[in-house]
Structure formats: structure tokens, C-alpha cells
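A short write-up of the structure that comes next.
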Amino acid sequence: MTRSNPSLNDEFLEELARKLAEANIPVKRREAVLTEVDELMSEGIRPESFGSPASLAQEISDALAGSEDAQRATIWSPDNPKLFADKQRPSCSILRLNSTDLNLGAIAVKLGLLREDDVDPAVLEAIPQRVIGALRWGPFALTAATAAVGMLVHRRRLRIPVRIGLNGRVKKTWSSKAGGLAIAGFSSLVSLFSLAAPTPSRADLLMQSSQALAANTAFLLTAGAPFVQKKGRVHPIYFPLSVGLVLAVEGGTLLFATRAGLARVHGRVHGQFEEKQDG
């Protein structure tokens with residue numbers, strides 16, 4: 001693969017740094033982004049693969065946008081019976097359907113996994129620290145898995161399908177090296193963003209981590225697509241199954257953390273009740 005022009009790389013990084021600063025991206029986040037992009041370009045990924053510096057900075061800015069209420073009210077709102085929320089999620093979200101978004105909280109209620117009043121600030125703040133640790137570091141485990149799959153794909157000299165028609169026909173592929181590096185690199189960026197982003201509340205962390213886990217699941221499935229490709233086609237069911245798995249990871253993360261918080265709250269209430277009985 002032809003290596004990128006060093007002078008073009010430097011110009012891209014300088015412009016990207018300027019655009020990230022103009023977008024008020026935190027310094028640590030800017031440094032992490034610039035380091036990751038620089039490493040990818042040193043491996044031969046061309047600057048144009050990232051789009052323009054302005055568009056990349058805007059995507060990162062959008063990924064950091066969205067208040068706790070805006071995010072939770074859209075994707076994890078069991079008290080809202082609507083399957084599609086009225087508000088939009090931030091543009092970095094995994095699932096975006098026109099002007100509406102799937103309310104995973106409503107689905108959990110309909111499946112009997114949660115009650116309508118189970119999610120509130122007290123429950124989210126009660127999520128145990130060990131669960132918080134899993135949420136923060138889980139995306140890195142998926143990044144490692146994606147890198148491992150990419151290495152296996154490269155060893156077998158397979159091409160990675162990146163554009164697939166509804167009938168499963170592969171329309172565009174990347175080489176195993178370029179594709180593997182790009183996918184693993186993007187997965188690394190998501191993990192770093194999730195870990196380094198400010199999270200003033202447990203709700204913020206929960207939303208951020210669930211989306212990071214979902215995104216990295218999507219990257220892992222993309223890296224593994226060559227193994228289900230045959231004669232220029234990927235099985236038509238692979239894409240819908242992948243979408244379902246991504247949603248299951250996001251919803252499962254939200255449900256697992258919420259139920260852990262609920263268990264802790266119920267334990268406290270039960271303990272207080274027993275203390276009163278003993279008194």
C-alpha cells in the first residue's frame with residue numbers, strides 16, 4: 001500500500017487541531033484524536049479517508065453533544081410507551097431513523113424486563129462501581145477483539161466488504177491491511193472517547209458507554225464480514241442480524257446497569273426495613 005505524503009499528513013493534522021480547538025473539544029480529547037489519526041496515517045491511511053478536518057471535527061463535536069436528559073429521554077425512557085421517541089439522539093448515535101429514534105426503554109417494559117417507574121436518578125446513581133468499571137473498559141475489550149479478527153483476516157489475505165447491497169452483493173471492499181487498520185483505529189477512537197469524555201453523572205456515563213459498546217460491536221462485525229463472504233456476496237441475513245446484535249448490546253448494557261442499580265436500591269430499602277423491625 002502506498003504511504004501517505006508526510007507533508008500532507010502534517011497539514012491535515014494542523015488543520016484538524018485548529019478545527020478541534022474551534023469546536024471547543026477538551027484538550028485531552030484533542031490530543032487523543034490527533035495521536036490516533038497520526039498513527040493511522042503513519043500506517044498508510046490517506047488523509048482523505050477521514051474526510052475533511054472540518055467534517056471530522058464536527059463529527060467529534062456532535063459525538064460530545066447532547067445533555068443527559070436529551071439522551072436518556074430518547075433511548076432509555078421506560079415511562080414513555082412510545083417505541084419511537086419524539087426527540088432525536090445526538091448524531092453520533094448508533095441507530096438513527098429519520099427524525100425518530102427507537103426507545104429501548106419502552107421495549108424493555110413491553111418484554112417485562114423493567115417497570116415503567118424503574119429508571120430514575122437514584123437508581124442510576126446506585127449502579128455499583130464494579131459495573132461502572134465494566135462500562136468504562138468494555139469498549140477496549142471489543143477493540144482488542146476487532147484487532148485480533150483484523151489480524152486473522154490479513155493473515156488469510158481476505159478483503160473486507162464495506163459496502164453491501166440489500167441482496168448481499170458486495171459493492172466495495174478494502175484490502176485486509178488498510179481495512180483492518182482503519183476499522184481497528186476507529187474502534188480505538190470510540191473507546192478513547194468513551195473513557196476520556198466528561199461524565200458529570202452516572203446517566204451520562206451509562207448513555208456514553210452503551211453507545212460505545214454498540215459502535216465497537218458494529219466495528220467487530222464489519223471486521224468479521226469477510227468470513228461470511230462467498231463469491232462476491234455476503235449472506236443477506238448478515239446485515240439484519242448485525243443490526244439486531246448491535247441494538248441488543250446497547251439495550252442489554254442499559255438494562256444490565258439499570259437492574260444492578262435497582263438491586264442496590266432495593267437492598268438498601270430492605271436493610272432499612274429490617275432495622276426498623278429490629279428497633
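Per-residue counts of other Cβ atoms within 10 Å, averaged by peptide: what ranking do you get for 145-154, 233-242, highest first?
In decreasing order of mean packing, 145-154, 233-242 become 145-154, 233-242.
List every residue whose amide H lies under 5 Å from the amide H of SER77, counting only residues 5 or more places away in sequence or on a different chain, with H placed 1.01 Å from N in the peptide plane.
Answer set, sorted by chain and number: LEU104, GLY105, ALA106.
Could you list which residues have their amide H under 5 Å from that of PHE84, counting only those 5 or more apart in sequence or on another chain, with H placed in the peptide plane?
Counting only residues 5 or more places away or on other chains, the set is ASN103.
Would you please give the residues with an amide H less than 5 Å from that of THR173, counting only those at least 5 places away or on a separate chain, with H modeled from the backbone geometry?
Long-range HN contacts for THR173: VAL162.
Among SER55, SER77, which comes first, then next, by fewest other beta-carbon atoms within 10 Å? Each step should come with its number before you reach the end.
Numbers: SER55 11, SER77 19.
If I rank by nearby Cβ atoms, fewest first, I get SER55, SER77.
Taking the beta-carbon count within 10 Å as an exposure proxy, list SER187, SER7 from fewest neighbours to most.
SER7, SER187
Laboratory data are not the source of any read-out in this text; all were calculated from the coordinates shown. Values in this document were obtained by computation on a predicted structure and should not be read as measured data. Note that we place each Cβ from the backbone using ideal geometry, even for glycine, and neighbour counts take in every protein chain shown.
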